[in-house]
Amino acid sequence: MQRIVIVGGGAGGLALATQLGKSLGKKGLAEITLVDAARTHVWKPLLHQLAAGSFDTHAEEIEYLAQARWNHFKFRLGSLTGLDRVHKTLQLAASYDEAGREITPPQQLAYDTLVIAVGSQTNDFGTPGAAEHSIKLDSPQAAKRFNDRLINACIRAQTVPRAAGSGRLTVAIVGGGATGVELAAELHAAARVLASYGFDHIHPEKDLQIVLIEAAPRLLAQLPERLSESALRELRKLAIEVHTNEKVVEVTADSLKMASGKVVSSTITVWAAGVKAADFLKTIGTTQDGRDPLETTRLNQLVVNGNLQTTRDAGIYAFGDCAACQQPDGTWVPPRAQAAYQQAMYLTRSLPLLTAGKPVAPFVFKDQGSLVSLSEYSSVGSLMGSLTKGSFFIEGQLAKLMYWALHKQHQLALGGMKKTALITLSEMIDRTHRPRIKLH
């Protein structure tokens, strides 16, 4: 039986394991195994809401073991530490609990086909002090850590007299991409809610200062300029301080220093600028007989062909943020959630054919546009593809509805129509009795 191992349980990896489990695992045509260092999955575009405390992580988390049982695949806990391409085996690190006790020992896992979908991590570009004094918002653990610091800082601010003309709490966000913009708006909304839960002296504009810093000339530099302008307009309505064309050159415990000489004070610093693939991918796949490791880019992404096969080993696939895939027109697939989802669906259809040696048309990314959520205030976005011949700019309630629909699409891929309908009903009921913000 064909052994297909998928490393990485993000949006793409978990969707692929689920779909292959239903199509191949259920029929006994292949053994599907998903490997991840965590035990639960959270949809990455929701991390800014988790950081601000505006959704219940337990309601959103998907347990890998349960998902595996329901969809006919296996789950292994562990992180990838080594790859033997000659004997087709993976080495997984031991896992430990919070007290340092071993949960699982180092493991070895055999495969016939390997798919690497380990996503990306925040790139601080080696900026002095960034690693020590900022939180990188690229995982549920980091988002929860930020939320703990935010609530603790608000509790502390309640008891400290406010200095004249200054906010008691400043959150500085480095990076004006989608994550930074969404987090800024979400934090402002969270501050408004905090006042109704005992933080009556925390005023969204006066007592919580939110500063957004972007090195490029405008926010959302990878997206259409009209979308960028609309987002900036909405943020300024919320009194969020925006600095563009400002490169951070040093982060300290209580400030950020710019190349221009400007200094911004900060109680909590979030680094949300730039992404790269994990460093271990640079050397993975080196063989004992001297063969080179898998080919990577300067951002550690695995270089793949049109069928998402790595260039130096056709039996190893990679997709999502950790892969560099060039399109027929010469452009590269962007590191976005919709690209990972499309690649997961492509591999669901193509893997059985490719492993059987049959030809398959290359993957082509279809840009469906971009959406940026500005919390409860608004959303902005541009839709592309079948709706118009070019792009169609949307904002307000329609954009918010489309953003919500993207999340539902992800839930549909993992749970199907019936389960997604039940989850949606549960979310509606939860809003009637749960706090609007996480307070612990």
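The largest-to-smallest principal axis extents of the Cα set in the stretch 1-137 are 49, 35, 31 Å. When each of the peptides 222-230, 349-357 is scored by the mean number of other C-beta atoms lying within 10 Å of its residues, the order from highest to lowest reads 222-230, 349-357.
For Glu225 and Val303, the difference between the fully extended length at 0.36 nm per residue and the C-alpha to C-alpha distance is 25.1 nm.
Taking the accessible area of the stretch 1-88, probe 1.4 Å, and keeping the other protein chains in place, the carbon and sulfur fraction comes to 50%. Under 5 Å between amide hydrogens, built in the peptide plane, is the criterion, and for Val303 it picks out Glu295, Thr296, Thr297, Thr311, Ala324 among residues at least 5 positions away or on other chains. Shape analysis of the stretch 253-325 yields a ratio of the Cα radius of gyration to the Kirkwood radius, Rg/Rh, of 1.24. Each residue of the stretch 106-114 was assigned a 3J(HN,Hα) from its phi angle through the Karplus curve 6.51 cos²θ - 1.76 cosθ + 1.60 (θ = phi - 60°); the sequence is x, 10, 10, 10, 8, 9, 9, 10, 10 Hz, with glycine and proline shown as x. Taken along the Cα-to-beta-carbon direction at a fixed 7 Å, the label points for Lys262 and Ile155 span 3.4 nm.
Per residue, how many Å² of accessible area does the stretch 103-163 show with a 1.4 Å probe?
47 Å²
Derived scalar couplings between HN and Hα for the stretch 359-368 equal x, 9, 4, x, 6, 10, 6, 10, 5, 9 Hz in order, rounded to whole Hz, by the Karplus curve 6.51 cos²θ - 1.76 cosθ + 1.60 (θ = phi - 60°), x for Gly and Pro.
The values are calculated or read from the model by the stated rules, or taken from the named source; none is laboratory data. For clarity, every value in this text was computed on a predicted model and none was experimentally measured. Don't worry about glycine lacking a Cβ; one is built from the backbone with ideal geometry, like all the others, and counts go over all protein chains shown. Calculation scope for accessible area: heavy atoms of the full protein, side chains included, ligands and nucleic acids excluded. Shrake-Rupley method; radii C 1.70, N 1.55, O 1.52, S 1.80 Å.
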